[in-house]
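The values are calculated or read from the model by the stated rules, or taken from the named source; none is laboratory data. Remember, predicted model here, so these are calculated numbers, not experimental data. Cβ placement follows ideal geometry from the backbone for every residue including glycine, while neighbour counts extend to all protein chains displayed.
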Amino acid sequence: MKKRYLFAASLAAAMLTLNSCSDFLNTKPDTILTQDQTYGDPTLIKSVIANFYGRTMLGQKVEDWDAWTSIDEAIYYDRNETEYFDRNKWCDYDHCYDLIHDLNVFLEGVKTSTAIDDATKEAYIGEVRYIRAWIYFCLGRSLGGVPIVGDQIFDYTPGMDISTMQIPRSTETALYDYIISECQEAGKLLTTETNTHNARANYWVAKMLEARAALTAASLARYNTPEAHPQLRTQGGEVGIPAEKAEGYYQTALAAAKEVIEKGPYKLMYPTENTPQAYADNFYKAVCQKDGNTEVIWCFDFVAPGKTHQFTTNNLPKSIAQDTGCDRLSVILGLVEAFEPIDASEEERGKGARFDIGTIDNPKFFDNPTDLFMERDPRLNGSIIFPGATFGGQTIELQAGQLRKENGKWVERTGARNSYDEEHRLITANNGPFGGNEREINRTGFYVRKYLDATPAAGTIGRGSDMWNVHFRIAEAYLIAAEASWELSGDNYDETALKYINDIRSRAGVKPLTSIDHEKIMHENRVEFAFEGQRWWQLKRWMEADKIWDGNPNTRTAQRLGLWPYKVVAPGDPNDGKWVFIEKNMATLDLWPKPYHCTDAQYYAEINNGWINNNPKLVKNPFQ
């Protein structure tokens, strides 16, 4: 298959991804190097590891913002008729096994190196074994059980018996057991110290993957049952984890998460002032601010100049755009409503709530467009730009039109972007929102804030943004501990689970829960990790996506909705100059005409026929 050479010319770009670990940048090789050449040079050994980190970005990511529209977080401004969730999205089998091969080549080669001392050698082996476990986890969450090659290296030579290179799929249970074990073994070799911008794996990173993998396996064992999903099984166990395994996995997840919380160097960040805006800004910083960040445990880092991305360029509001391209993503109303009211009653806490906006015939009026949203969980303001909110010190004006009173009735008046009436009053803002065919326009009334970069020129094509892509935060350890503890308790009141989930809510600036259940756990994860690449995988492990995205255009959770702000223009009326909001369905606007739809068939990716042709020992997944 592959000869044991390292193609060093491809390493230079990957080395930039670890710029925060500056010693990774000392050499930029531009030739094909043999094992002996590579492992005889300490700098080249580092560059190989840098290359591996550069290939770990799998699944939803900041560089591929359009893919965020596959789930219930955002849409883009173009018309789209997507309905079913693409079961094969974020499944990169060939890339993963290419990388696993190269990781195994490294593990073999570095053991014989005389260019580095034994302590450094062990640390590198720990990093690479961790990366390999991460790759298997990314494969397994899409496919279920996959071939586990261990440390084997398959190098094809003409005439050899190719069947010796064909390994059957593992069971789903065996795969998660392997990932957990590899995290534990890698952790023994890794430092407990942090590194600049958390771009490299350490002991705590390995513990976080152990916890996430164990929680995933536990959830699948508990919720992908033969009774609930009778067809989501394969005869050999490649898909399907026995229910009796759930408790053990939950215990593993809880122990790993608690260790990170109690013994790790990462801490929740709190604002210095007790105001909704301070909590919102604090939450944004906890995810997006690199310097002084105590929450981020592992990320894929970017650096300017050199290794940047165009998320900010493409997603800044039109009114503050810095270059061509903007307004790409609009956040759907369902996510915005998931952030609960700050003053929620004890019974209402841990749940989303629809906005009280009245109707077009009897609207509710607001003095300022922000009034409706500042009453919500401050993580809303930290994650999403709503009408009248600020970003980079500038107010983001969103106005779909005017609401006028004609013959005693309220009627909408809309226009083109930046349109004004006869009295030079704004009709429709530069940012919108509105429908139609125009590009670079907001559709729903909401923008993404999380991952937008306020650094000067970060929204230009020439510079780009070096905002990192976060994989693990300490908040996830708290929510894993809360969920695992509750699942093990079998009760809606568990003191340990409540403590961990309320620690997160306290940092967020919302009231504590007095009871806990599955719905509240799902809610907390949704609002905490919006846009961070967790939504689909969590819905899958809970087996909830088919219930939420049922394909029914009348089911609210399956709809793509917006909330458009209108300025009241009614001279003489006491509400003149105030604001109202009108809900809009992207289907009736003919922008995204089909509802979200997921069935059991979408939960596991397909085993490609090409893979089976190369390895007949593979078996297909359910619904193929």
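If the condition is being of a type in the set (K, R) and buried (at least 21 other Cβ atoms within 10 Å of the Cβ), then region 66-95 contributes no residue at all. For the structure I just gave you, tell me whether W549 is of a type in the set (A, V, I, L, M, F, W, C), modelled with pLDDT of 95 or more and closer than 21 Å to F434 by Cβ. Here the answer is no, as W549 does not meet what is asked.
Within region 348-367, the set of residues being out of contact with any Asp or Glu (no Cβ under 9 Å at 6 or more places or on another chain) and either part of a strand (DSSP E or B) or over 21 Å from T414 (Cβ atoms) (or both) comprises D356, G358, P363, F366, D367.
May I ask you to say which residue of T216, T196 is in contact with a Ser or Thr (Cβ under 7 Å, 6 or more places away or on another chain), of a type in the set (S, T, N, Q) and touching a residue at least 24 places away in the same chain (Cβ under 8 Å)?
Working: T216 fails: in contact with a Ser or Thr (Cβ under 7 Å, 6 or more places away or on another chain).
None of the others qualify; the one that does is T196.
The residues of region 310-325 that are buried (at least 23 other Cβ atoms within 10 Å of the Cβ) and either touching an Asp or Glu at 6+ places or on another chain (Cβ under 6 Å) or aliphatic (A, V, I, L, M) (or both), listed by number, are T312, T313, L316. The single condition from (1) polar (S, T, N, Q); (2) closer than 25 Å to Q37 by Cα; (3) at pLDDT 95 or above that N202 fails is (2).
Considering each of S142, S163 in turn, give the residue that is modelled with pLDDT of 95 or more, polar (S, T, N, Q) and more than 24 Å from L190 (Cβ to Cβ). Break it down into steps so the answer makes sense when it comes.
Working: S163 fails: modelled with pLDDT of 95 or more.
Going through S142, S163 in turn, just one is modelled with pLDDT of 95 or more, polar (S, T, N, Q) and more than 24 Å from L190 (Cβ to Cβ): S142.
Check region 146-159 and report whether any residue there is of a type in the set (A, V, I, L, M) and either without any contact (Cβ under 8 Å) to a residue 24 or more places away in the chain or part of a helix (DSSP H, G or I) (or both). Within region 146-159, none of the residues are of a type in the set (A, V, I, L, M) and either without any contact (Cβ under 8 Å) to a residue 24 or more places away in the chain or part of a helix (DSSP H, G or I) (or both).
When you check V448 against the structure, is it surrounded by 18 or more Cβ atoms within 10 Å (Cβ to Cβ) and aliphatic (A, V, I, L, M), yes or no? Taking the combined requirement at face value, the residue satisfies it. Taken over region 590-624, the criterion of being surrounded by fewer than 18 Cβ atoms within 10 Å (Cβ to Cβ) and closer than 23 Å to N442 by Cβ is satisfied by D590, P593, K594.
Looking across region 251-280 at every residue that is of a type in the set (G, A, S) and surrounded by fewer than 18 Cβ atoms within 10 Å (Cβ to Cβ), the one that is farthest from C183 (Cα to Cα) is identified as A278. For I360, the criteria (1) at pLDDT below 95; (2) among the hydrophobic types (A, V, I, L, M, F, W, C); (3) loosely packed, with under 13 Cβ neighbours inside 10 Å hold in every case but one, which is (3).
Which of the following residues is touching a helix residue (DSSP H, G or I) at 6+ places or on another chain (Cβ under 7 Å) and within 22 Å of R560 (Cα to Cα): V448, V470? Don't jump to the end; show me each part of the working.
Working: V470 fails: within 22 Å of R560 (Cα to Cα).
Only one candidate qualifies: V448.
Conditions (1) within 30 Å of V303 (Cβ to Cβ); (2) among the acidic types (D, E); (3) in contact with a strand residue (DSSP E or B) (Cβ under 9 Å, 6 or more places away or on another chain), marked per residue:
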position: M165; (1), (2), (3): no, no, no
position: R169; (1), (2), (3): no, no, no
position: T173; (1), (2), (3): no, no, no
position: T191; (1), (2), (3): yes, no, no
position: P226; (1), (2), (3): no, no, no
position: P230; (1), (2), (3): no, no, no
position: E238; (1), (2), (3): no, yes, no
position: G248; (1), (2), (3): no, no, no
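Of the residues Y136, Y124, Y84, only one is in contact with a strand residue (DSSP E or B) (Cβ under 7 Å, 6 or more places away or on another chain) and of a type outside the set (A, V, I, L, M); which?
Numbers: Y136 fails: in contact with a strand residue (DSSP E or B) (Cβ under 7 Å, 6 or more places away or on another chain); Y124 fails: in contact with a strand residue (DSSP E or B) (Cβ under 7 Å, 6 or more places away or on another chain).
The unique qualifying residue is Y84.
Please determine whether any residue of region 156-167 is surrounded by 12 or more Cβ atoms within 10 Å (Cβ to Cβ), touching a Cys at 6+ places or on another chain (Cβ under 6 Å) and of a type in the set (S, T, N, Q). Looking through region 156-167, none of the residues is surrounded by 12 or more Cβ atoms within 10 Å (Cβ to Cβ), touching a Cys at 6+ places or on another chain (Cβ under 6 Å) and of a type in the set (S, T, N, Q).
Within region 202-250, restricting attention to residues that are assigned to a loop (DSSP other than H, G, I, E, B) and charged (D, E, K, R), the residue that is surrounded by the fewest Cβ atoms within 10 Å (Cβ to Cβ) is E227.
Pairing each residue of region 221-241 that is touching a residue at least 40 places away in the same chain (Cβ under 8 Å) and acidic (D, E) with any residue that is in a loop (DSSP other than H, G, I, E, B) and surrounded by fewer than 18 Cβ atoms within 10 Å (Cβ to Cβ), provided the two are 6+ apart or on different chains, yields C-beta distances under 8 Å for E238/V619.
Every residue, every condition in (1) buried (at least 20 other Cβ atoms within 10 Å of the Cβ); (2) under 30 Å from T275 (Cβ atoms); (3) within 23 Å of the chain's Cα centre (by Cα); (4) not hydrophobic (A, V, I, L, M, F, W, C), yes or no:
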| residue | (1), (2), (3), (4) |
| --- | --- |
| S506 | no, yes, yes, yes |
| V510 | yes, yes, yes, no |
| I521 | yes, yes, yes, no |
| R556 | no, no, yes, yes |
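For the condition in contact with a helix residue (DSSP H, G or I) (Cβ under 9 Å, 6 or more places away or on another chain), farther than 30 Å from M467 by Cβ, touching a residue at least 12 places away in the same chain (Cβ under 8 Å) and of a type outside the set (A, V, I, L, M, F, W, C), P168 does not qualify. Residue check: is I261 modelled with pLDDT of 95 or more and part of a loop (DSSP other than H, G, I, E, B)? In short, no.
Contact map, region 474-493: first residue closer than 17 Å to A213 by Cα, second residue charged (D, E, K, R) and part of a loop (DSSP other than H, G, I, E, B), Cβ cut-off under 6 Å, separation 6 or more or different chains; pairs are I474/E295; S485/D494. Selection within region 543-571: residues that are assigned to a loop (DSSP other than H, G, I, E, B) and free of Cβ contacts under 8 Å to residues at least 12 places away in the same chain. The member of this set that is nearest to D371 (Cα to Cα) is P571. I need the full set of residues from region 578-619 which are closer than 20 Å to R535 by Cα, assigned to a loop (DSSP other than H, G, I, E, B) and small (G, A, S), in order please. The one that is closer than 20 Å to R535 by Cα, assigned to a loop (DSSP other than H, G, I, E, B) and small (G, A, S): A605.
Report every pair of residues separated by at least 6 positions or lying on different chains whose Cβ atoms are under 8 Å apart, first residue within region 111-130 and part of a loop (DSSP other than H, G, I, E, B), second of a type in the set (D, E, K, R) and at pLDDT 95 or above. As it stands, the answer is S113/K121, since those pairs meet every condition given. From the list F154, F137, the one residue that fits, being among the aromatic types (F, W, Y) and modelled with pLDDT under 95, is F154.
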